[in-house]
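Okay, so here's the structure we're looking at.
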Amino acid sequence: MVRIEHFELRTPEVVALRLPAGAVLRVSTGRLWLTQDGRSEDVWLQTHGSWTAPQAVSVRLSAEPSVDFQIAQPAAMHRAPRIRLARPGLGMAGAVGSA
């Protein structure tokens, strides 16, 4: 069984997120910038693109200019992703539904 959480990011501001190993981030619509803390390479995901966390990892995300995405992970390993805004006072609508 897989748990899927849906998110909307409607700001180009950077959001910090902690993901468990094997979590899959999939973009439904829009464009998403992703970088892992401590690594220099950036990942750009377009609509229908996906990225898998190689191990438990902290990432930073930004919408270009907005994005709808899901985070999928095995239900047995499920722990809600820890999300925090890189700067306070910015908005992110999260967990608008799960399947």
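Of the residues in region 62-85, not one is at pLDDT below 95, of a type in the set (S, T, N, Q) and over 13 Å from the mean Cα position of the chain (by Cα).
Scan region 19-46 residue by residue and report those that are surrounded by 14 or more Cβ atoms within 10 Å (Cβ to Cβ) and either touching a residue at least 60 places away in the same chain (Cβ under 8 Å) or part of a loop (DSSP other than H, G, I, E, B) (or both). Selection gives Leu19, Pro20, Gly22, Ala23.
The number of residues in region 1-18 that are β-branched (Val, Ile, Thr), assigned to a loop (DSSP other than H, G, I, E, B) and either closer than 19 Å to Gln73 by Cα or modelled with pLDDT of 90 or more (or both) comes to 1.
The values are calculated or read from the model by the stated rules, or taken from the named source; none is laboratory data. Since the structure is predicted, the reported quantities are computational estimates derived from the model, not experimental observations. Reconstructed Cβ throughout: ideal geometry from the backbone, glycine too, with neighbour counts over all protein chains shown.
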